[in-house]
1. Considering just Cα atoms, how many Å³ per residue does the convex hull of region A:11-305 enclose?
2. Under the rule of at least 5 residues apart or a separate chain, name every residue whose amide H is placed under 5 Å from the amide H of B:R768.
3. Averaging sequence separations of C-alpha pairs under 8 Å and six or more residues apart, then dividing by the length of chain B, give the relative contact order as a whole percent.
4. Run the Debye formula on the Cα coordinates of region B:574-699, all scatterers equal and no solvent, and tell me log10 I(q)/I(0) at q = 0.11, 0.13, 0.17 1/Å.
5. Expressed as a rounded percentage, what relative contact order does region A:366-419 have, with Cα pairs under 8 Å and six or more residues apart?
6. Below 8 Å between Cα atoms, with a sequence gap of 6+, how large is the relative contact order for region B:12-307 in percent?
7. Report the percentage of all Cα-Cα pairs in region A:351-398 whose separation exceeds 14 Å, rounded to a whole percent.
8. Please give the average number of partner chain Cβ atoms lying within 10 Å of the Cβ of each residue in A:471-481, rounded to a whole number.
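Values in this text are rule-based calculations from the coordinates and carry no lab data. It should be emphasised that the depicted structure is a prediction, and the values quoted were computed from it without experimental measurement. A quick note on method: Cβ atoms are made from the backbone with ideal geometry, for glycine too, and the neighbour counts reach across all protein chains shown.
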There are 2 protein chains.
Amino acid sequence: MNQYLEVDKWNIIEDGFNPEQQRSSESIFSLGNGHMGQRANFEESYSGDSLQGSYIGGIYYPDKTKVGWWKNGYPEYFAKVLNSVNWIGIDIAINGAPLDLFKCGVSAFKRVLNMKKGYLKRLFVAELPSGDKVEVEVTRFISMARKEIGAIEYNIKSLNFDGDITFKPYVNGDVRNEDANYDEHFWSEVEQGSFEEGGYVTTRTKKLDFHVTASMTNQLQQNGNDITEDADTEVESMQVSEEYTVPVSQGDEVSLHKIAVVASSLNHSTAQLKPHVKSLTKDAAAIGFATLLYEHTQRWAEIWDGSDVLIEGDDKAQQGIRFNIFQLYQTYTGEDERLNIGPKGFTGEKYGGCTYWDTEAYCLPFYLNTAPNKVARNLLLYRYQQLPEAIENAEKLGFENGAALYPMVTMNGEECHNEWEITFEEVHRNGAMAYAIHNYIQHTGDESYLSEAGLEVLIAISRFWSQRFNYSEKRDKFVMLGVTGPNEYENNINNNWYTSYIGCWTMKYTLESIEKVRSNNSERYSDIQDKIGFSEDETAQWKEIMDNVHLPEDKKRGIFLQQDNYLDKEQRTVEDLNENERPLNQHWSWDRILRSCFIKQGDVVQGLYFFEDHFDEEMLRRNFDFYEPRTVHESSLSPCIHAIMASKLGYSDRAYEFYLRTARLDLDDYNEEVHQGLHITSMAGTWMAIVEGFAGKRAKDGELYFAPTLPDEWSAYSFKILYKGRRLKIRVEAEEVQITCEDGETVQCYVYDEQYQITADEPLKVSRKKAVA
Amino acid sequence: MNQYLEVDKWNIIEDGFNPEQQRSSESIFSLGNGHMGQRANFEESYSGDSLQGSYIGGIYYPDKTKVGWWKNGYPEYFAKVLNSVNWIGIDIAINGAPLDLFKCGVSAFKRVLNMKKGYLKRLFVAELPSGDKVEVEVTRFISMARKEIGAIEYNIKSLNFDGDITFKPYVNGDVRNEDANYDEHFWSEVEQGSFEEGGYVTTRTKKLDFHVTASMTNQLQQNGNDITEDADTEVESMQVSEEYTVPVSQGDEVSLHKIAVVASSLNHSTAQLKPHVKSLTKDAAAIGFATLLYEHTQRWAEIWDGSDVLIEGDDKAQQGIRFNIFQLYQTYTGEDERLNIGPKGFTGEKYGGCTYWDTEAYCLPFYLNTAPNKVARNLLLYRYQQLPEAIENAEKLGFENGAALYPMVTMNGEECHNEWEITFEEVHRNGAMAYAIHNYIQHTGDESYLSEAGLEVLIAISRFWSQRFNYSEKRDKFVMLGVTGPNEYENNINNNWYTSYIGCWTMKYTLESIEKVRSNNSERYSDIQDKIGFSEDETAQWKEIMDNVHLPEDKKRGIFLQQDNYLDKEQRTVEDLNENERPLNQHWSWDRILRSCFIKQGDVVQGLYFFEDHFDEEMLRRNFDFYEPRTVHESSLSPCIHAIMASKLGYSDRAYEFYLRTARLDLDDYNEEVHQGLHITSMAGTWMAIVEGFAGKRAKDGELYFAPTLPDEWSAYSFKILYKGRRLKIRVEAEEVQITCEDGETVQCYVYDEQYQITADEPLKVSRKKAVA
């Protein structure tokens, strides 16, 4: 825990200058627009500790794998999130002396992340070693309206001197990743220079040949009036800078507007990159900082209108959820189906890669409910487009006949991970891909996705499962050996309940989907059959497995078993652990963790969350009551699922406790690791904990359900969801639940299992049921 | 397979120059004397592919661990076998042109490893680009009689020119390891210079501060007469050289005797190192090459007298076993209890570290039977001296109360390995340490070792086992979860039969040993109790576990199960595999190997070998018949155990097949990896396959047993063993077994389970029983 930020409903505020928190604040105050992102590094040079980070979605580097003992099948390369061109840099000199907050007296320092409007502001007074004092205010944003544009307003006021203020804005492509495996430099020089409106730099990645061109255009004002200073332009290898020196008198205010364009070969041909950037730079200069900011805040207003969760009576909870929603939309906006949601988004280098099963299991529901269908659909299409690589990946592991195993971590569809117990064995991820298709169709009703793309993915995954199970003569059942479940604190186990269950479910769902596509769109079905060489004869084996699968359970306790031998373990609970042993992964050797009954992340509980309707409530309760006390939640993805299940089972205090653990995970730095970046994907879990947890929202069998509870600490909360073309607003108060159809036709829903119609005319009002455990 | 060497009973012969085999030959023709070793690199400079390797026992480097994903508990460093000072180098120039076999016409090339006398000879004719032709004969040995001395005789004859021959012998400490994790340079300069008899170089390791001083003294002869040439001595950083140019006429023969001394701070104080080397160099120069060689061959004659295995009628088998015995004694002679037997000995860098469980499980029996007790005792003491580190190692993993876990790989007692499934989970190695003590005492009758050192080791290991088992409420039994057995093609399994069995056996043997020491040496016993805080109350838990242990078995098949879920696997046999899938570890991904029933190395069979008397022969047979067809023998340690078991069960063809697989593993380069170095530890398995396998030798319950078989391919074989102070010679012929007591008093033994007395007066002759399967 490390709480140094102020509580505020709409802003994240750091009051006072904390060099020792710099890396953490750089993560928390990050900006992004789905296309690119930037840690909250200072514009002016800073000699204190800092992790420089500027990232462009989809631009990565295949860093040579580092491994102790090579195993056949390991990937040669790990796709690294790539620290790319520094476009924010503005060196400042006061009477020739550099402004460096690490070497100045700093007062009145304040950093504010305005989440409502999507900008970062920084204010401070600095006294240089010379005694010169300046008051500085910097505003920065990355445009949500124009994806390739970032802009900075850098304001300096002379507090006590007459003299010169020098601005040296620059664009620098010579950047490095801190976490390069072999200290390699990933970028090389292409070209740099200046054009009418400013300067530009083009660099390329040494592997994969991604090209990035970044430019800047600068405009000065003095005391509110535009001034024209001749810039001293310097073009060096991989860098271009412009130097402006403005004479000032005490009290004068000088302001630099720096507008940057960052474009890449992902979206433009290499030949068009420079002309495109040049033209966009010219446009941006003409539009100007203020208008760009206005467009940007308008876009944020629209996002908030659809996605905000209002919590009354609990500012910490309010700030937490908004921070999570804000960071999610900064990371992924859904326009580009080639992009995805990295676990650290644009806020750090750690983990690398981009796409984990987090996307399907945790992020999809958020976008499904708060953004147009297209966004969630793009997330699904991302995997569809990577199906050939998933098939290739499975082939490497000995699977045949178009079986697909999606990678654990990927950027381009190829596996990046290199730890056998994860890479090769954490195969449950494949189930999440299938579940996401189901989830999408349940929520949107868009069955066309099946014939368009979904069915091919489902068949390929079912082919995998049917080969991954093997027949055990001993049991006369099908078993799945050597897997790692969602609980990564067990490895290479047999018959992980979650994995086997979702494996069977996938095959069942695929059979239903085949049926649907065949009857609704027989032509397309037969095209698919031809394309992937699919014959329904194959499904006999699927049915054989589904009918004869071994799913471990403990009949005495009436629970499912996480794996065959779970009950051979010494049974202890988290309460038995000493505080100084936790987190276990920092205190226990790996074998000890593996032998223990302690669970990193809900495993059986995750499965019960996905498939709650398959079981009666007492079954859910017995499992939750058994597994929850054994779960240490050392994955950021764990508490949200437990929050939802606790809400469902009427454990409202526990639900609230789990909620807080996820909502302020980064703001309060629970695990003291926020300096590495934010836990972006688990942020979607926070949203789920409210909407699916507290409000009990479900979309299933074509119907919509709510069963709202209200945490004692809150007086009310409200949120909106998009559902089959309607926009619904749900407000939960102590005594009443109100559901308003803000947009779209009358729709049926169930509240506490009673059927209602929600019309556009008037809000539905239902008395709130008090939770009973 | 790569067979390019000639078959010969006493020599390894390479006829013809094969640059593409250079690395392999460098391994095979390696020399060593237990103190130091040297790959068969050329003396003169060679620009072709080569792995330079000169190693000094006990001198190592802690190379920073390289790992993909760090796990709590991993060691920071891996002890690397250190390539050290090059003392063999002699640059040659003919009329000023360097002699480099990669750039000459080479004919009549022959490399001979004379195993009987322990030297390496190389002969060739080289035609330089100039047309000058020389005939060269080089003889090299590393003295078995004087451990710090190596010597070279380098003979050059001018075949077709009058002119100059230049010798530039040097000592060079500026060497590198090819396999440094981070390309680090491990040595740094200390001092170099010359003294009366020659030159010297002192270097030190950058970590651990090992100092090595190496010197040379050189003497020239022309046509058999000593000549005195003034040397041109050059002293450079980390190198000293002497240059001699000798004018020759066609037909002249010039010969350089280079005698080197290599000494280290392991055996001398840093201050004494140089004076010691200086004085030894002077002595060596006075003694001269011929006398040094004579002493050396005398020592080898003694070794062969005790350890040779004579095989009649099968020269390939004869050469194989001699090569193995030769390399074992070159690696370890047993004088120094700080040294041990690295898996590659002094023949390559791969694997690093020095001591694996190979020593106890495979090498100990060889030394126990062929060398004085002291040698095997020193191998045991090595572990006794590292007991504190083994206790520390166990503490890191959460064990308490003086429990010890010996490392998987070590140089100084600290764990070096960094793969969790091995490092933390392949704990069966601890059992081998206990078994070795038992084995030693059974063979030698030296029970004093128990009170001296053995009991402390046994108690510490038993403490480990008692904590490593846990009580399973489900089974009402003690289980051992999360282990890797000898079969490393299963990881993190539960209840590995071998590990659990040897764990229980250790506790039982420890209880017996406590009893023995208490009754034979009560004072010492109470000292031990005080020293390690041991109370016999602890043993209640041991007994509880031994009485209630879960050992998996399949009652239907009447076999033990390698682990709980082995029969859940798809049951296939090696015959079902395609040739192009083998070796599996080069063709299958790791998860696939783990899920398969295929066994890398005997596991249950290894346990049955150790404890054959605990089971009736039919039990052994059922298990062997079940597991052998599932065993791929992709560990060099596997076939020998199967050979012994096959012999015991009367499967004589199989036994011979397994024998050949181990005996000529390196000579015929079965796995095409001999270029990395030799498989030293498995060489002891070859010897076991003959003595314990074909000859059926056992030492158990105080008695000696034989049950000789004779492979069809052999007409006879004989070998000697040391047994309780006697030296026995066993000769097995087609019709008769002869056992002679060459030294010591009458001793009783059993041949084919009949009791006999072997007296010094006359050989025991027993009709040979023909094997019946």
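1. Values: hull volume 41.9 nm³, N = 295.
With only Cα atoms used, region A:11-305 gives 142 Å³ per residue.
2. Here the answer is B:E736, B:V737, since their amide H atoms fall under 5 Å of that of B:R768.
3. Numbers: 1734 pairs, mean separation 93.5, N = 773.
Rounded, it is 12 percent for chain B.
4. Taking Cα atoms of region B:574-699 as identical point scatterers yields -0.38, -0.54, -0.90.
5. Values: 52 pairs, mean separation 13.3, N = 54.
In percent, rounded to a whole number, it is 25.
6. Values: 707 pairs, mean separation 51.8, N = 296.
Across region B:12-307, relative contact order equals 18 percent.
7. Working: 679 of 1128 pairs.
The answer is 60 percent, as a whole percent.
8. Working: counts 2, 6, 5, 9, 3, 0, 1, 0, 4, 2, 8.
Average per residue, whole number: 4.
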